[in-house]
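Worksheet for the structure shown next.
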Amino acid sequence: MKKFFYLSLAALFLLAAPLCWGKDLPKVAILATGGTIAGSVESGVATTGYTAGVLTVETLIKAVPEIQSLAVISGRQVCNIDSSNMTDDIWLELASTINDLLARDIDGVVITHGTDTMEETAYFLNMVVKSDKPVVLVGAMRPATAISADGPKNLYNAVALAASPEAKGKGVMISMDDAILSARDAAKTNTMKTSTFKAPNSGSLGAVIDGVPYFYALPAKPHTTATEFDVKGMKTLPKVDILYSYSNDGSAPAAEALVKAGAKGLVIAGSGAGSVHRNQKEALLNLMKNNKTAVVRSSRTGSGLVLIEGDDKKNGFIGADNLNPQKARVLLMLALTKTDDPKKIQEIFNKY
Ligand code: ASP
């Protein structure tokens, strides 16, 4: 009898053990792309002069064992670069990998990424991921070797967010410095501070405190499953470049050279509410007329709307709404996969 009791106990343990080992935990995939979060330098006090994109995804995961209590973690190294060198090829690979993982049994994705171009990758994915499961980008401002490195806590919060059912349907997000930001609105605003990411036009969606996400706002614009953009099977994206407008502007030859080099669209980081210097405007009007170049006007101020009216509208200039120049570039690239009609492109900018 006693033997039967102990045998039953052992059988019960064997059956129940997988539940305790995480069968009930959500599955989160970490896709590593490099950046300062994977950065390393000799000195613990150095937060400059380090090499970004050195540590592997396995090292990042091992450095924060606490994430194992939040989710069943898997890791994949997509690339290991300084994000200032981000490419369309990596964006397309990320989009296809994420769509593939989320179509299967993965509940959420975390992308470790350099902070320099994180907002661009995040907005691109916000437009082309075809799932309502959480996708979270995370990075660090201090290399992994620094005293008080911000990467480990940021990664912990990002995994908590990606594992949270509450994060479903909120589009692609950035999780940095305890804040949750929508990919559309997030911008890097400071070269050094750990609190560099802000949403200057709309504010944050919420915060992650001790691994618990708290939401107080929703993204207002369509994203992920609600967009018309699908990059499945695409090998390249239309080329779009950015030009500044400034006093005594001498960039007209640069605009012409960019179009000659293959740019289908140009984004102008205009002064104030998207103004362009007359020296530059003439060249742009010629390119719009003779080369069908799409020209989007955004603002170099860092926040606020750009609306195009009157003759500028008649001539086909497109307003970026409140997207910053680097985000307007992403949307123009995607818009150009659908149309080169400035009126239709303007509708796309009004919508997203
Ligand atoms: N240059 C780095 C990068 O973007 C900066 C960072 O990650 O904070 O990869």
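The values are calculated or read from the model by the stated rules, or taken from the named source; none is laboratory data. Quantities reported herein were computed from a predicted structural model and do not represent experimental measurements. With ideal geometry, Cβ positions are generated from the backbone for all residues, glycine too; neighbour counts draw on all protein chains shown. Each accessible area value is taken on the protein alone, full model and side chains, heavy atoms only, with ligands, DNA and RNA left out. Shrake-Rupley method; radii C 1.70, N 1.55, O 1.52, S 1.80 Å.
A226 meets all of the listed conditions (1) closer than 28 Å to W91 by Cβ; (2) free of Cβ contacts under 8 Å to residues at least 24 places away in the same chain; (3) open to solvent by 70 Å² or more (accessible area, probe 1.4 Å) but one, namely (3).
When the residues of segment 261-288 are filtered to those that are polar (S, T, N, Q) and touching a helix residue (DSSP H, G or I) at 6+ places or on another chain (Cβ under 7 Å), which remaining residue is least open to solvent (accessible area, probe 1.4 Å)? Lay out the reasoning, then the answer.
If we filter segment 261-288 for residues that are polar (S, T, N, Q), which is where we start, we get 271, 275, 279-280, 286.
Now drop any that are not touching a helix residue (DSSP H, G or I) at 6+ places or on another chain (Cβ under 7 Å), which leaves 279-280.
Working: N279: 69, Q280: 1 Å².
Only one residue fits best here, namely Q280.
Considering segment 173-204, the residues that are free of Cβ contacts under 8 Å to residues at least 60 places away in the same chain and among the β-branched types (V, I, T) include one that is most open to solvent (accessible area, probe 1.4 Å), namely T191.
When segment 42-76 is limited to residues that are at pLDDT below 85 and surrounded by 14 or more Cβ atoms within 10 Å (Cβ to Cβ), the one that is nearest to the ligand (Cβ to nearest atom) turns out to be T47.
Does L258 satisfy the condition of being of a type in the set (A, V, I, L, M, F, W, C), without any contact (Cβ under 8 Å) to a residue 60 or more places away in the chain, within 27 Å of R300 (Cα to Cα) and open to solvent by less than 30 Å² (accessible area, probe 1.4 Å)? Let's see the steps before the verdict.
On the way: of a type in the set (A, V, I, L, M, F, W, C): yes; without any contact (Cβ under 8 Å) to a residue 60 or more places away in the chain: yes; within 27 Å of R300 (Cα to Cα): yes; open to solvent by less than 30 Å² (accessible area, probe 1.4 Å): no.
When the stated conditions are applied, L258 does not pass them.
In segment 103-123, the count of residues that are of a type in the set (F, W, Y) and more than 19 Å from I37 (Cβ to Cβ) is one or more.
Yes or no, residue by residue, for (1) more than 20 Å from N85 (Cα to Cα); (2) at pLDDT 95 or above:
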{"residue": "D100", "(1), (2)": "yes, yes"}
{"residue": "A103", "(1), (2)": "yes, yes"}
{"residue": "G114", "(1), (2)": "no, yes"}
{"residue": "A122", "(1), (2)": "no, yes"}
{"residue": "V128", "(1), (2)": "yes, yes"}
{"residue": "P134", "(1), (2)": "yes, yes"}
{"residue": "A146", "(1), (2)": "yes, no"}
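Scanning segment 83-109 for residues that are surrounded by fewer than 17 Cβ atoms within 10 Å (Cβ to Cβ) and in contact (Cβ under 8 Å) with a residue 40 or more places away in the chain, we see that the one that is farthest from the ligand (Cβ to nearest atom) is D105.
Answer yes or no: is there a residue in segment 5-28 that is among the aromatic types (F, W, Y), at pLDDT 95 or above and assigned to a helix (DSSP H, G or I). Don't jump to the end; show me each part of the working.
Residues of segment 5-28 that are among the aromatic types (F, W, Y), as a first pass: 5-6, 13, 21.
Still in the list and also at pLDDT 95 or above: none.
The answer is no, given that none of the residues of segment 5-28 is among the aromatic types (F, W, Y), at pLDDT 95 or above and assigned to a helix (DSSP H, G or I).
One line per residue, one yes/no per condition, for (1) over 27 Å from the mean Cα position of the chain (by Cα); (2) assigned to a loop (DSSP other than H, G, I, E, B):
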residue: K221; (1), (2): no, yes
residue: T225; (1), (2): no, no
residue: T236; (1), (2): no, yes
residue: Y246; (1), (2): yes, yes
residue: P253; (1), (2): yes, no
residue: A273; (1), (2): no, yes
residue: L287; (1), (2): yes, no
residue: N290; (1), (2): yes, no
residue: S303; (1), (2): no, yes
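Being on the phi > 0 side of the Ramachandran plot and assigned to a loop (DSSP other than H, G, I, E, B) is the filter here, so list the residues in segment 30-82 that pass it.
Passing the criteria: G35, G49, G53.
Scanning segment 305-342 for residues that are closer than 23 Å to D185 by Cβ, open to solvent by less than 30 Å² (accessible area, probe 1.4 Å) and over 19 Å from the mean Cα position of the chain (by Cα) yields V306, I308, I318, G319.
Restricting to segment 73-101, name every residue that is more than 19 Å from P143 (Cα to Cα), aliphatic (A, V, I, L, M) and in contact with an Asp or Glu (Cβ under 9 Å, 6 or more places away or on another chain).
Selection gives V78 alone.
Taking segment 210-223 as the range and being within 16 Å of M173 (Cα to Cα) and open to solvent by 80 Å² or more (accessible area, probe 1.4 Å) as the test, the residues that pass are Y214, Y216, L218, A220.
Put simply, of G39, G34 the only residue that is open to solvent by less than 60 Å² (accessible area, probe 1.4 Å), within 16 Å of the ligand (Cβ to nearest atom) and in contact with a helix residue (DSSP H, G or I) (Cβ under 7 Å, 6 or more places away or on another chain) is G34. Taking every residue in segment 230-250 that is over 11 Å from G270 (Cα atoms) and pairing it with any residue that is of a type in the set (D, E) and at pLDDT 95 or above, at least 6 positions away or on another chain, the pairs with Cβ-Cβ distances below 7 Å are T236/D88; L237/D88. Scoring M288 on the criteria (1) touching an Asp or Glu at 6+ places or on another chain (Cβ under 8 Å); (2) touching a residue at least 24 places away in the same chain (Cβ under 8 Å); (3) among the aliphatic types (A, V, I, L, M) leaves a single failure, condition (1).
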